[in-house]
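**Q** This is the structure I want to talk about, given as structure tokens.
No value in this document is a laboratory result; all are computed from the given coordinates. For clarity, every value in this text was computed on a predicted model and none was experimentally measured. In this analysis, Cβ positions are derived from the backbone assuming ideal geometry, glycine residues included, and neighbour counts consider all displayed protein chains.
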Amino acid sequence: MATFKPSHEGYVPGQLTLPQKYYVSEEIWNRENEKIFNKYWICVGHVSRIPGAGDYYLFDVLDEKLIIVRTKKGEVKALFNVCRHRGTLVCDSIPEDQQKPVDEETGHTNSFQCPYHAWTYDLEGNLISATKFMKGVPGFKLQDHPMGSLPVHVWQGFIFVNFGKNPEPFEKQYKGLIGRFDKWQMGRARSFKRITYSIETNWKYVFQNFNECYHCPTQHPLLNSRIDYTGSLNDLTEGPVLGGYFDILGDSMTTSGKFSAIPLADLGDDLNRAYYYTVFGAGLLLNIHGDYVMFHLVVPVAPGKTIVISEWLFNPEAWSLPGFNPEDAVEFWDITNLQDWHLTRIAQQGVRSRDYKPGWYSPRESLLESFDRFYLEELK
Ligand code: FES
Ligand SMILES: [Fe+2]
């Protein structure tokens, strides 16, 4: 079982914040691409979006466009959205007649047909039709031209892909995750809401901001009324997965302070705790509460631009029960997220200055020190 300790216990006095170049330089960005983004398993969403065969959604990451789809065999596939004819996007948007009633960003289909010349692929990405003119063309065989795909790993319902040539096993990269969160049964949780935010900041500022509550009293009056910001306890303090928990004052992290839904599972003491973890490389930030999970996908776009996709998951049985009030949880974090994104924007604006120089971390920011150490090691 994990051992939890206050954040100041891991503090290294005098370890400074990262130099400017790590937030602004194209050269560093290219190194991050090579050493981090193309090495780690990257989270691209949660399976609750695609419960049935033929359900799919589009996901942009690392300048690539992917189709995440549930196949007839029930597996999750990550296809490159690139036609084998002349490279066109096979699916540039989800046609209206394929949109799922509850989520227009999720589609449903039996096959993907390229809009250009109608070459058609099945859910596994196999080319199944290339129109009449390709019939009988010497040497051309449909089976030789499937869409490209990426390896996929599903952990607790979260879908990860890997762009590396020889990906390390998921379990090796993210040892801290394995077995750590089984109790919450996140794999069976169901999505209620997703919000996409575009932030003019470096992806590391989003991670660092998430890993400290030093700013909570001044910046998050609502959040700060639900926790004692000095009371966080961390169990994962080194390596790619970092985090711990707060005891919640009241039932849950909602605007009203009450539970928004029935518990995700049988949680015992963890019912009134707010767990927070960052998963380096995966772009995944987890906020796990008794009654819901809110996760962020942090998608780096450029040194000074990051997309964050936030999504709220609940117990699938909550929908049919009285008292289900998911908006209470959505509003709580949407308010908090907007406050945080503002902070990460102004951090990015300040770090660009000729006057910026690395500053001292406080004892409340030991996870940021740990994040920076791990990051610099990975970048070597
Ligand atoms: S480019 Fe896709 S069918 Fe021609
Ligand atoms: Fe915050």
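**Q** PRE reach from V137 (point 7 Å along Cα→Cβ): which of region 82-126 fall under 13 Å by backbone N?
**A** Hits in region 82-126 for V137 at 13 Å: 84-87, 117-120.
**Q** Let me ask something else about it. Does anything in region 2-29 have its amide N under 14 Å from the 7 Å Cα→Cβ label point of S362, and if so which residues?
**A** Residues 7-8 qualify, since their backbone N sits under 14 Å from the label point.
**Q** At a Förster distance of 30 Å, what's the computed FRET efficiency of Q349 paired with I195, Cβ-Cβ distance as r, to 0.05?
**A** 0.80
**Q** Looking at the chain as a GNM with Cα springs under 10 Å, which of L142, L297, L343 has the largest mean-square fluctuation?
**A** It is L142.
**Q** In the chain, once you exclude exposed chymotrypsin sites (Phe, Trp or Tyr not before Pro) (DSSP loop, at most 15 other Cβ within 10 angstrom), what's the longest stretch remaining?
**A** Details: sites that count: F4, Y116, F140, Y356.
The longest uninterrupted stretch comes out as 141-355.
**Q** Another question, if that's okay. Express the C-alpha Rg of region 45-162 as a ratio against the empirical globular expectation 2.2 N^0.38 Å, rounded to two decimals. Don't jump to the answer; show the numbers that get you there.
**A** Details: Rg = 14.3 Å, N = 118, 2.2 N^0.38 = 13.5 Å.
Cα-based Rg divided by the globular estimate yields 1.06.
**Q** When only DSSP loop residues count, what trypsin sites (Lys or Arg not before Pro) in region 1-102 have their Cβ near at most 10 other Cβ atoms within 10 Å?
**A** Those that pass, being in a loop and sparsely packed, are K73, R86.
**Q** Mind checking which of I288, I28, I36 has the largest fluctuation in a GNM of the chain, springs on alpha carbons under 10 Å?
**A** I28
**Q** Then there's this: Would you work out the charge dipole size for the chain about its Cα centre, treating the Cβ of every Lys and Arg as +1 and the Cβ of every Asp and Glu as -1, and quote it to the nearest 20 debye?
**A** For this selection, approximately 1160 debye.
**Q** How high is the relative contact order of the chain, in percent, with contacts defined as C-alpha pairs under 8 Å that are six or more residues apart? Each step should come with its number before you reach the end.
**A** Values: 779 pairs, mean separation 86.7, N = 380.
With pairs under 8 Å counted, the relative contact order is 23 percent.
**Q** Please name which of A2, F324, G45 has its Cα lying farthest along the dipole of the chain towards the positive end, using unit charges on Cβ (Lys, Arg +1; Asp, Glu -1) and the Cα centre as origin.
**A** Value: G45.
**Q** Arranged by the count of other C-beta atoms within 10 angstrom, fewest first, what order do V351, V161 take?
**A** Ascending number of Cβ neighbours within 10 Å: V351, V161.
**Q** In region 56-120, what is the volume of the convex hull around the alpha carbon atoms, normalised per residue and reported in Å³?
**A** Per residue, the Cα convex hull of region 56-120 comes to 94 Å³.
**Q** Please list, in order, the residues from region 365-380 whose amide nitrogen is less than 19 Å from a point placed 7 Å along the Cα→Cβ vector of R31.
**A** Once the point is set 7 Å along Cα→Cβ of R31, 369-380 turn out to lie under 19 Å by backbone N, inside region 365-380.
**Q** Further, regarding this structure: If the only charges are +1 at each Lys and Arg Cβ and -1 at each Asp and Glu Cβ, what is the size of the charge dipole of region 180-288 around the Cα centre, to the nearest 20 debye?
**A** Roughly 500 debye for region 180-288.
**Q** Return the subset of K183/K380; K165/K357; K73/K305; K5/K193; K39/K77; K183/K258 for which the Cα-Cα distance in this structure is over 30 Å, preserving the input order.
**A** Details: K183/K380 36 Å; K165/K357 37 Å; K73/K305 38 Å; K5/K193 33 Å; K39/K77 19 Å; K183/K258 22 Å.
Table pairs above 30 Å Cα-Cα are K183/K380; K165/K357; K73/K305; K5/K193.
**Q** From zero outward in steps of 5 Å, how is the percent of C-alpha pairs of region 104-149 spread across the bins?
**A** 5, 20, 27, 24, 14, 5, 3, 1, 0
**Q** Considering every Cα-Cα pair within region 174-234, what fraction, in whole percent, is farther apart than 16 Å?
**A** 70
**Q** Restrict the search to region 290-377; then list the trypsin sites (Lys or Arg not before Pro) that DSSP places in a loop and that have at most 16 other Cβ atoms within 10 Å of their Cβ.
**A** R352, R354
**Q** Using all C-alpha to C-alpha distances in region 245-334, build P(r) with 10 Å bins and read off the rounded percent in each one.
**A** Whole-percent P(r) values from 0 Å outward: 17, 46, 27, 9, 1.
**Q** Let me ask another. Using a/c under 1.5 as the rounded threshold, could you call region 206-285 rounded, prolate or oblate? The axes a ≥ b ≥ c are square roots of the C-alpha gyration tensor eigenvalues, and prolate needs a/b larger than b/c, oblate otherwise.
**A** Numbers: a/c = 1.86, a/b = 1.25, b/c = 1.49.
Note, shape of region 206-285 comes out oblate.
**Q** Let me ask something else about it. If amide hydrogens are placed 1.01 Å from N in the peptide plane, which non-local residues have theirs closer than 5 Å to the one on I128?
**A** T120, Y121, D122
**Q** Taking a quarter of the surface of the convex hull around the Cα atoms of region 153-283, what do you get in nm²?
**A** Details: hull surface 38.0 nm².
That works out to 9.5 nm².
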